Amino acid sequence: MTEQPIIKIRGLRTQFGTSVIHDDLDLDVRRGEVLGVVGGSGTGKSVLLRTIIGLNKARAGTIEVFGENMTQMSDTQQRQMQERWGVLFQDGALFSSLTVAQNIEVPIKEHTKLKRDVVRELSAVKVDMVGLPPDAAHKFPSELSGGMRKRAGLARSLALDPELVFLDEPTAGLDPIGAAAFDNLIKNLQQSLKLTVFMVTHDLDSLAAICDRIAVLIDKKIVVDTMENLMKLKQPWMQDYFHGPRSRAAIKK
Amino acid sequence: MTAETGWFKTIRDGDCLVVETGGRWNVRTVEALEGKLRRIGVEARSGKMATTARIDLTAVDALDTAGAWLITRTRLGLTAAGIPAEVAGAGAAYVSLLERVEKALQHERPEPPKGNPFIKLLEGLGKAQFDMLAIARNLLSFFGLTLIVFVRVLMNPSRLRFTALVYRMQSTGLNALPIVGLLSFLIGVVVAFQGADQLRQFGAEIFTVNLLGVSILRELGVLITAILIAGRSGSAFTAQIGTMKVNQEVDAMETIGLDPIEILVIPRVLALMITLPLLVFYADIMAMLGGMLMATTALDISVSTFLKQLQSSITFTTFMVGMVKAPVFAFLISLVGCFEGFNVAGSAESVGRQTTTAVVEAIFLVIVFDAAFSIMFSFLGI
């Protein structure tokens, strides 16, 4: 039995004004995999992410998530979809007027009718699961370091135990140790929660360490394969990308 | 929709209390299960005492963090009540999740700091006092700093950013003309109307012109314009400088060797000190026109009578009393606007907060200084 892909994009076209970002783009994300999305700057990695989660409108094509067509969906249906995925934005995008614990409680309170103390318990569990110290729960985002903010953002995106998480450059701006720890965290959570991860990244270490497959955005289209296979391709950008000194160092590990 | 919910039942197996669980144990279903599970501990102790307990997960279809949390909490609760409990029948994936959650539950969790509300109130009150004093002191030192840089620029006029000055004059002065004009015109209309209404009772409608001339020229023209500009330009100064502060542009300036006061503050202060008097003059004229419109249409005072009466009721001093305040107010507004801009720290949220503070402080200072001017003028007999 071939399993239904969790995200299925066919013939996607996005454009801003006259500049076309994606044209006739196809992509399948399999259930339970970690997919890393790479590409030069301006190739529309973040735009693709935003389009899938519905923050951008596609000009043409279909996007199916969990087998449902996102492009023709009522608002109520979209809200139901939102409970099934979590998004981590680049700098965490935490609500600055709420503490970390309250940030995590927001989606739980919005989408369930759990009692207050249960909600509080669950948010404390999430705080611990993403590796934040317990006293961080009562701090405000402005009192946290960049790495901690990302962890808190990840905790919020995991608040409802989604099947699918979107991560936008999760390790950007972290030091190598923090980035490696974050990679580990994602991998661990992905395994224990059986997540599917759609990750936009520039971090070659992340790609090598945790991604099952890599999607390369090139010429408004996408090429998906494992790192080994992509490295064999003769496309010039990919040659530069996967055979540069940084890439070689990352793969050696 | 039985498949969408979770269930459990308790069976006795000798001395062992077996909790059979099944269905979906996730964030959607734990609410219903949670209350019922609480009672298990009580049941286990009442009646024939069970010595051990086993939670069987064989029939569970879906387990997420919330479900794992509930199962782990039940298990730990039973164990704590003296009934050692274990989990059985969990698949490998569930085991790792349960272990992860158990680890999370074992960490101590500090409560958010809570204190005596009365003490907190006192503390807040005291802190507000000190904060206010600190703001006053910092504003004063900012005032001093600005003056020093101002003098330095005056000594060496080539340091003045002329383009920035002209640009600020355009945005704070020229672009404010429509709104200042419209509002002053309406104020003129209102003052004339209210004055006429009262003075008519004494048959002294003609003195409406005196009221209009004196009140607008001495007080209202400059006050309304200053308050409007505090809201329009003072807030803009705070937002502009605050945003630059958040983007670390101010830090960048300092490292390049540029003086942020000289570049950001001086052109703004100077521009507003030039444009506000001009705006006040314009506002005075527009208010007079508004009053005149009212007088000629509603009071049957002809234009020539109006002008004649106006001329006899006001002197050049009346006009100057209002006018002389304008540069002072301009200085206050721009100083506070820039000062609060530099006070922005950390996030974009802070920009909004400081902008609000700047407007409130600027309007406060403008009115306080206006009162001080009034007292001073009355001592001087003007």
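Observations on the model:
- Look at B:S350, A:S206, A:S142 and count the other Cβ atoms within 10 Å of each Cβ; fewest to most, that gives A:S142, B:S350, A:S206.
- For the residues of A:118-128, the average number of beta carbons from a partner chain within 10 Å of their own beta carbon is 6.
- Footprinting exposure proxy ranking of B:V149, B:V209, fewest other C-beta atoms within 10 angstrom first, gives B:V149, B:V209.
- Per-residue mean of foreign Cβ neighbours for A:153-160 is 1 (Cβ atoms of other chains, 10 Å radius).
- FRET efficiency estimate (nearest 0.05) - Cβ-Cβ, A:Q90 to B:A92, R0 35 angstrom: 0.55
- Taking a sphere under 13 Å around the Cβ of B:F364 and counting the other residues whose Cβ falls inside, with K and R at +1 and D and E at -1, yields a net charge of -3.
- Estimated from the Cβ-Cβ distance and a Förster radius of 25 angstrom, the FRET efficiency linking A:F16 and B:N175 is about 0.25.
- Per-residue Cβ neighbour rank within 10 angstrom, fewest leading, B:M323, B:M288: B:M323, B:M288
- Where N is the number of residues in the range B:129-380, Cα Rg divided by 2.2 N^0.38 Å: 1.15
- Tensor-based shape of chain A (alpha-carbon gyration tensor, a/c under 1.5 rounded, otherwise prolate or oblate): oblate
- Charge tally in the Cβ shell below 14 Å around A:G54, where Lys, Arg are +1 and Asp, Glu are -1, A:G54 excluded: 0
- Among the trypsin sites (Lys or Arg not before Pro) in the range B:49-142, those located in a DSSP loop and surrounded by at most 10 other Cβ atoms within 10 Å of their own Cβ are B:K114.
- Dipole of the range A:87-143 [Lys/Arg +1, Asp/Glu -1 at C-beta], most positive-end residue of A:Q90, A:T112, A:V100: A:T112
- Adding -39500 (n - 2.57) for every DSSP H run of four residues or longer, then dividing by how many residues chain B holds, sets the calculated 222 nm ellipticity at -23000 deg cm²/dmol.
- Modelled spin labels at B:L105 and A:L55, positioned 7 Å past Cα toward Cβ, are 3.6 nm from each other.
- Within 10 Å of each Cβ in A:188-199, the average number of Cβ atoms from other chains: 3
- Principal-axis tilt of helix B:235-246 within chain B, Cα atoms, nearest 10 degrees: 40 degrees
- Amide N proximity, the range B:342-359 versus B:A164 label position 7 Å along Cα-to-Cβ, cut-off under 19 Å: B:342-344
- Length available on full extension from A:Q235 to A:A172: 0.36 nm per residue minus the Cα-Cα distance, which gives 20.1 nm.
- Taking the range B:129-380 and dividing mean pair separation by its residue count, relative contact order in percent (alpha carbons under 8 Å, at least six apart): 32 percent
- If you take all other residues with their beta carbon under 11 Å from the beta carbon of A:E68, and give Lys and Arg +1 and Asp and Glu -1, the sum is +1.
- Which listed pairs, of A:K8/A:K45; A:K8/A:K57; A:K194/A:K220; A:K115/B:K103, have C-alpha distances above 19 Å, in listed order: A:K194/A:K220; A:K115/B:K103
- Between B:Q311 and B:M155, the FRET efficiency from the beta-carbon distance, with R0 = 45 Å, is close to 0.55.
Where a number appears in this text, it was derived from the coordinates with a stated rule and is not lab data. What you see is a predicted model; the values in this text were computed from it and never measured. Using ideal geometry, Cβ is built from the backbone for each residue, glycine included, and neighbour counts are taken over all protein chains shown.
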